[in-house]
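The values are calculated or read from the model by the stated rules, or taken from the named source; none is laboratory data. Computed from a predicted structure; not experimentally measured. FYI the Cβ positions are ideal-geometry reconstructions off the backbone, even for glycines, and counts take in every protein chain you see.
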Amino acid sequence: VSPKSKSHHTPDHKALFIISAGEAGEESSDSDGEQEETSHKLIRKVSTSGQIRAKKSVKEGILLKQTSSFQRWKRRYFKLRGRTLYYAKDCKSLIFDEVDLSDASVAETSTKNINNSFTVITPFRKLMLCAESRKEMEDWIGALKSVQKWETYEASQFNMEHFSGMHNWYACSHARPTFCNVCREALPGVTSHGLSCEVCKFKAHKRCAVRSTNNCKWTTLASIGNDIIEDEEGVFMPHQWLEGNLPVSAKCVVCDKNCGSVRRLQDWRCLWCKAIVHNSCKEQMGKVCPLGQCRVSIIPPTALNSIDSDGFWKATSASCTSPLLVLVNSKSGDNQGVKFLRKFKQLLNPAQVFDLMNGGPELGLRLFQKFVTFRILVCGGDGSVGWVLSELDKLNLHKQCQLGVLPLGTGNDLARVLGWGGLCDDDAQLLQILEKLERICLVLITLTLHLLLSPPPPSVRFLCGTVNEFVAEVGKAYERATENKEEADAMAKKVNGSVCVIYMLSVRRQCSEKCVMNNYFGIGLDAKISLEFNNKRDEHPKKCRYDHLFSIHHKHISTFFFCDGVPMSLPSLQGLAVLNIPSYAGGINFWGGTKEDNNFGAPSFDDKKLEVVAVFGSMQMAMSRVINLQHHRIAQCRQVKITILGEEGVPVQVDGEAWIQPPGIVKIVHKNRAQMLTRDRAFESTLKSWEDKRKIDSYRASRPRLNSQQSMEYLTEEECAQVQQLGIVADTLISK
């Protein structure tokens, strides 16, 4: 459409243009290479801004749109109104392109879960779009899904009823032949590229996705529908079957024979208990689903059957004894948290798995707060764990829940201390991890401590200046007293008022909580290293190196230091580290030992004590990463008070988050304790040995005891001859 032709449009008319698909200069290209039919004409409609304003907006904002010219991205302003998506160069444009969403589907197409892109697929075109963040992308996908069902979209409200049953598509490839669950034909290409539901693994061509049935994994009682099983004992959930695309070497749980095929859709898999059966054996399976290996952790859909006054789902605790709430930071581990998010939705009820980057931990905690006891698994770094612990404290839930950590990304000092290691990057291990969570040790850890800050007292220079001004004012008032008594009285009142104000301010000065500390606190050099690292990582993610950071030097800090109210004399230092757990800066034992000695007790994360270590220079910090030496210990105490002197701020950090702290008073005091799930590998090894022994004993007990004649009947003629020969040889040896 030429600019000249666009100028003929008035605000009261709509135009329709038919162009060949190859001539649409800004039509988005198909990045995955799937061959679609191109014989049809591209029907392009445009509307005027006046017509669009007459419709109610569901969602609008700026997105990047991919064009067919070298797959470049261009900023466009999008408006979703009714079942139509409009876009133009900016919000003030007079002419908007429009896309009919009546027969559209939406799929995530992010490359390695990083660029937050998604595709709107219609019978006539594809729009590949990109959002600024994953939350923004999911909000757009949710809005596009809602208009397909003619429902009201509310981004801030968590209501699974809106999208229950709808598939959550993302583009992917497969290592083996895969078939579309809609048309039953093979997905194209050597790698079988197509769309897959991130929850139930339903497969579809891009052209078939819009025709798929809304039979995704159940989340609530209402989503089960007429398949629910009711009797005098209560309400039960049946199996939820999905046909075909079974894993290699799958075996039927009924007849123990191979299942599945690489030539067609064949046989069935339950989305909950993972049972695999032949089509002919399906009727022999029990009607009620046992929920499989993770049944202790799963909230069955039958337990989610009502909504409270705030619009949140209420879970009935009668059917769940110790359910698991999974909170995943999708940005952790270079955005690899998305893989774990999808895998947990496949293993558990999707309604109990939440993305911390899309709404925070509050939504999940509100769902679980009615349970007497429940467990939380935080998948992320130390920052994610601290976020969840702070939210637990706000909702006063730390006494009824136990928290475990699955480490993603870097650092992960708390996960190391609890026995979960420094990094988990394989989502294939999640089933085993869920099993371990059900047989885990529980410890009480002093994890949350107040970090209290207050402004410094007025400096001596400021105080002297104030006194001089005060004396000068009094002198001037006294000189003028004989000339103007009224002015002197007014000045006296002013001075009296000033003294009262100063007194009240000095009385009301108190510490306010800055943040909550879980792992460690640093001031001086180590905080400066952390601050420099965070800044360089934000500016140049690929150029950030530790060897450069350890060349940083910091001037000697000027502080007063108190442990449990006792002043401590310190040598000339470049920093201090206050430790709550015996792991620092990615696994360093900065205290330098785990045993008790003549001066200090053994460090522990559950003794309500803090360990204080001196930092003399960057060489000391660099060497601590390679050599486990006894470092410069200062004290073990329950409270720490640090007064920062001078006129300039000092770098400080809490659990890796650094900032510049102005002069003032820093206090670290105990706040509360948290119940944490620890992994004891020695206990796991002992338990596994015991279970293996139980299996052997049960196998022996189940074997029938046969007499000699019956035993001979089970042997072949050759085996009988060998046994007889063995008996003759044994008899000969015994007789000799």
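Summary table below
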| quantity | calculated |
| --- | --- |
| Wholly enclosed strands (runs of 3 or more DSSP E) of the stretch 189-281 bearing at least 2 residues closer than 28 Å to LEU144 by Cα | 194-197, 241-243 |
| Residues within the stretch 557-587 that are among the small types (Gly, Ala, Ser) and assigned to a strand (DSSP E or B), tallied | 2 |
| Residue check for GLY380: touching a strand residue (DSSP E or B) at 6+ places or on another chain (Cβ under 9 Å) and either among the acidic types (Asp, Glu) or free of Cβ contacts under 8 Å to residues at least 60 places away in the same chain (or both) | yes |
| Failed condition for ASN358, given (1) closer than 18 Å to TRP313 by Cα; (2) touching a Lys or Arg at 6+ places or on another chain (Cβ under 8 Å); (3) of a type outside the set (Gly, Ala, Ser); (4) modelled with pLDDT of 90 or more | (4) |
| Residue in the stretch 153-172 that is surrounded by fewer than 19 Cβ atoms within 10 Å (Cβ to Cβ), out of contact with any His (no Cβ under 9 Å at 6 or more places or on another chain), in a loop (DSSP other than H, G, I, E, B) and at pLDDT 85 or above present | no |
| The stretch 100-117: number of residues that are crowded, with 21+ Cβ neighbours inside 10 Å and either in contact with a helix residue (DSSP H, G or I) (Cβ under 6 Å, 6 or more places away or on another chain) or among the β-branched types (Val, Ile, Thr) (or both) | 4 |
| Number of positions in the stretch 327-345 that are under 16 Å from ILE376 (Cα atoms) and assigned to a helix (DSSP H, G or I) | 4 |
| Qualifying position, being at pLDDT 90 or above and touching a Lys or Arg at 6+ places or on another chain (Cβ under 7 Å), among LYS79, LYS65 | LYS65 |
| Options ARG375, ARG439; residue that is in a loop (DSSP other than H, G, I, E, B), outside the structural domain of ASN519 (by TED's automatic domain parsing) and under 27 Å from CYS270 (Cα atoms) | ARG439 |
| Residues located in the stretch 265-296, provided they are in contact with an Asp or Glu (Cβ under 9 Å, 6 or more places away or on another chain) and modelled with pLDDT under 90 | GLN293, CYS294, VAL296 |
